[in-house]
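Asks: First the structure, which I've put down as structure tokens, then a few questions once you've had a look.
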Amino acid sequence: MHKHCVFIFFILCIYTTQSQTTLKDSTKVSQDSIKKTEFLKQIGNGFFPTNYLNIDLRYLFKYNQYEGVRTGLGGITNKRFSEHYRLNGYLVYGFLDHNFKYSIGGGFRLASKSNTWLNISYTDDLQETGSSAFLTDKRFFQFFEPRLLNINLFHKHITKAITLEHKLSKHLLTETQFAVSNINPTYSYEYLKNDKILNEFHLSTAKVALQWSPFSKFEVSEDDLIKEIKSGYPKFTLQYTHAFEDVFRSNINFSKLDFRTVYQLNYTKESYTQATVVAGMVSGDTPLTHLYHAYPNNITKETILQRFSVAGINSFETMYFNEFFSDRFSTFQLKHYFQPFNISERYKPQLVLITRYAIGNMGNIDRHQNITFNTLEDGYSESGFEINKLLFGFGLSFAYRYGAYHLPKTEDNVAFKFTFNVSL
């Protein structure tokens, strides 16, 4: 009996040791899996994490027609550095214009529950003329921005800003900013204001932006960026900007209202229809730098192959850069994503049908000197398709321009490009 007890005890010891080893191995694998998931989340947010500083991947490499290759480093401190303070900045260099650009800033948390931050920044950089970005968009990372490759009309700006980020609710984000900017176009441009010619602009602006996603689910990332973990539709973004004349030597006065809504109708996980409406209007003395260009993405070259480049995500592929400007405009885009072709386990190309429409106008065109452009009062139309993920995330797109702004030569109405889609 004693021998049997010793034998049973010996077996139990072996089993217990093996169980503890297995449990330790399982725990280690589980921890490694969690670390890997967190790492991929950070990369998906646009950051490569280190101990105290997360490197901002947006500044590593870009290309445009004015700077050529633009490369540098940027980053933001993380919670290991401090949960109450953060520092951020970047330094980049353009190899075609031979200039450094940079930004430096920081912030401190006023309230953790509402993720409220007060930030200050100083930026010396370039901005695309006619672009109108929403303040809240910078808190959502886009891994690849293909339209940047073709932009050639920029203005230099030195901007000192103070911003307040606040989450009114889990679905409503707000950001308020007051900024003072000195703006110099990199091209020959003058603005006629009250019989005075201006070729540089001093702006003092106040902005209020709202991002409302009533049916989405969010989480705050390691670096206090808002990460959408489940998309719900519709989504709404609204922003109001006012430039004050004679405040901190400002020589421009205008008001600007921007709106965007996105709706998506899902059929299956990968088959859906998406509609996007963007609208904006400006009143007052507004130089070209702060008007609207309707997201063109076509280079002015003679042949279709010379214009072959990368298709944008929400841009007009047949509209030439600097062809149209507006002080009030609206665009409508409709995309239908078919179920991917199930050719093999890993090879699943996807067909997307696309149609786009833009309308706009401009008053007092004669105030804009040394530049020629058209307006969109007759309505601009293009339609086409994409076949995405043909090889390593790359695909092809085709678009055709028709309607009121159809060009005499057929090939000038055609845009043939490649696409790039990648997700983490």
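The values are calculated or read from the model by the stated rules, or taken from the named source; none is laboratory data. Keep in mind it's a predicted model, so treat the numbers as computed, not measured. Cβ coordinates were reconstructed from backbone atoms using ideal geometry, including for glycine residues, and neighbour counts include every protein chain displayed. Just the protein is used for accessible areas: all its heavy atoms, side chains included, with ligands, DNA and RNA removed. Shrake-Rupley method; radii C 1.70, N 1.55, O 1.52, S 1.80 Å.
Asks: Count charges around residue 313 for me, please; just the other residues with Cβ under 14 Å from its Cβ, Lys/Arg as +1, Asp/Glu as -1. Kindly include the intermediate steps, with their values, before the conclusion.
Replies: Details: positive: 147, 260, 335, 356, 417; negative: 137, 145, 317, 386.
So the surrounding residues net to +1.
Asks: Please report the accessible area of residue 104 (heavy atoms, 1.4 Å probe, ligands and nucleic acids excluded) in Å², nearest 10.
Replies: Approximately 110 Å² of residue 104 is accessible to the 1.4 Å probe.
Asks: May I ask for the net charge around residue 356, where only other residues with Cβ less than 12 Å from the Cβ of residue 356 are counted and Lys, Arg are +1 while Asp, Glu are -1?
Replies: On the way: positive: 335, 401; negative: 317, 382.
With Lys, Arg at +1 and Asp, Glu at -1, the net is 0.
Asks: Select from 302, 175, 190 the residue whose mean-square fluctuation is largest in a Gaussian network model of the chain (Cα-Cα springs shorter than 10 Å).
Replies: Maximum among the listed residues: 302.
Asks: Suppose every Lys and Arg Cβ carries +1 and every Asp and Glu Cβ carries -1, with no other charges. What dipole size does the chain come out with about its Cα centre, to the nearest 20 debye? Write down the numbers at each step before the final one.
Replies: Numbers: 45 positive and 39 negative charges, 350 e Å.
For this selection, approximately 1680 debye.
Asks: Rounded to whole Å and ordered largest first, report the semi-axes of the equivalent ellipsoid of the stretch 69-166 derived from its Cα gyration tensor (root of 5λ). Numbers along the way, then the final one.
Replies: Details: eigenvalues 147, 47, 35 Å².
With the √(5λ) rule applied to the stretch 69-166, the semi-axes are 27, 15, 13 Å.
Asks: Just the accessible area per residue of the stretch 161-220, please: how many Å² with a 1.4 Å probe? Don't skip to the end; give the middle numbers.
Replies: Details: 2890 Å² over 60 residues.
Roughly 48 Å² per residue, with all protein chains present.
Asks: Which whole number of Å³ per residue matches the convex hull of the alpha-carbon atoms in the chain? Intermediate results must be reported in sequence, preceding the final value.
Replies: Values: hull volume 81.4 nm³, N = 424.
Dividing the Cα hull volume of the chain by its residue count gives 192 Å³.
Asks: Based on the Cβ-Cβ distance from residue 371 to residue 195, what FRET efficiency comes out when R0 is 22 Å, to the nearest 0.05? Don't skip to the end; give the middle numbers.
Replies: On the way: r = 19 Å, r/R0 = 0.88.
Efficiency, rounded to the nearest 0.05: 0.70.
Asks: Here is a further query. Using a 1.4 Å probe on the protein heavy atoms only, what accessible surface does residue 176 show? Give it in Å² to the nearest 10.
Replies: 60
Asks: Calculate how large, on average over all directions, the projected area of the Cα convex hull of the stretch 266-424 is; give the answer in nm² to one decimal.
Replies: Values: hull surface 44.5 nm².
Over all viewing directions, the stretch 266-424 projects a mean Cα-hull area of 11.1 nm².
Asks: Okay, next question. Of the accessible area of the chain, with the probe set at 1.4 angstrom, what percent is carbon plus sulfur?
Replies: On the way: 13910 of 22840 Å².
So the carbon and sulfur contribution to the accessible surface is 61 percent.
Asks: Structure shown: which of 217/348; 160/301; 193/417; 230/389; 156/193; 113/207 lie over 30 Å apart, alpha-carbon to alpha-carbon?
Replies: Beyond 30 Å between Cα atoms: 160/301; 193/417.
Asks: If you don't mind, there's one more thing I want to ask. Taking all protein chains together and a probe of 1.4 Å, list 362, 281 from the most accessible to the least accessible. Spell out each step's value before the answer.
Replies: Details: 362 15, 281 110 Å².
If we order 362, 281 from most to least accessible, we get 281, 362.
Asks: Tell me what the chain gives for mean residue ellipticity at 222 nm when only DSSP H runs of n ≥ 4 count, each as -39,500 (n - 2.57), the sum divided by the residue total, rounded to 500 deg cm²/dmol. Each step should come with its number before you reach the end.
Replies: Values: 1 runs with 43 residues, N = 424.
Value at 222 nm, helices only: -4000 deg cm²/dmol.
Asks: Oh, and also: Protein chains only, probe 1.4 Å: how do 386, 411 rank by accessible area, largest first? Intermediate values should be presented prior to the final figure.
Replies: Values: 386 20, 411 75 Å².
The ranking, largest first, comes out as 411, 386.
Asks: On to the next question. Expressed as a rounded percentage, what relative contact order does the chain have, with Cα pairs under 8 Å and six or more residues apart?
Replies: On the way: 1026 pairs, mean separation 43.2, N = 424.
The normalised contact order for the chain reaches 10 percent.
Asks: Considering all projection directions equally, how large on average is the shadow of the alpha-carbon convex hull of the stretch 347-416, in square nanometres?
Replies: On the way: hull surface 27.0 nm².
Computing the convex hull of the Cα atoms and averaging its projections yields 6.7 nm².
Asks: So, one more: What figure, in Å² to the nearest 10, do you get for the accessible area of residue 73 with a 1.4 Å probe and non-protein molecules left out?
Replies: Surface open to solvent at residue 73 totals about 110 Å².
Asks: Find the eigenvalues of the gyration tensor of the Cα atoms of the stretch 242-306, then list the square roots of 5 times those eigenvalues as equivalent ellipsoid semi-axes, largest first, in whole angstrom. List each step's numbers first, then the result.
Replies: Working: eigenvalues 248, 104, 12 Å².
Whole-Å semi-axes of the equivalent ellipsoid: 35, 23, 8.
Asks: Tell me which aspartates and glutamates have Cα within less than 20 Å of residue 269's Cα, excluding those fewer than 8 residues away on the same chain?
Replies: 228, 345, 386
Asks: Send over the semi-axes of the stretch 113-215's equivalent ellipsoid, whole angstrom and largest first, taken as the square roots of 5 times the C-alpha gyration tensor eigenvalues.
Replies: Working: eigenvalues 177, 65, 30 Å².
Largest first, the stretch 113-215 gives 30, 18, 12 Å.
Asks: Right, something else. So if each residue of separation counts as 0.36 nm, and I subtract the Cα-Cα distance between residue 410 and residue 100, what length gain in nm does that give?
Replies: Values: separation 310, 0.36 × 310 = 111.60 nm, distance 4.18 nm.
Here the answer is 107.4 nm.
Asks: Between 127, 111, 158, whose Cα lies farthest towards the positive end of the dipole of the stretch 107-167 when Lys and Arg beta carbons carry +1 and Asp and Glu beta carbons carry -1, centred on the Cα centre?
Replies: Most positive-ward Cα: 111.
Asks: Can you tally the net charge around residue 98? Count Lys and Arg as +1, Asp and Glu as -1, for every other residue whose Cβ sits under 13 Å from the Cβ of residue 98.
Replies: Net local charge, residue 98 excluded: 0.
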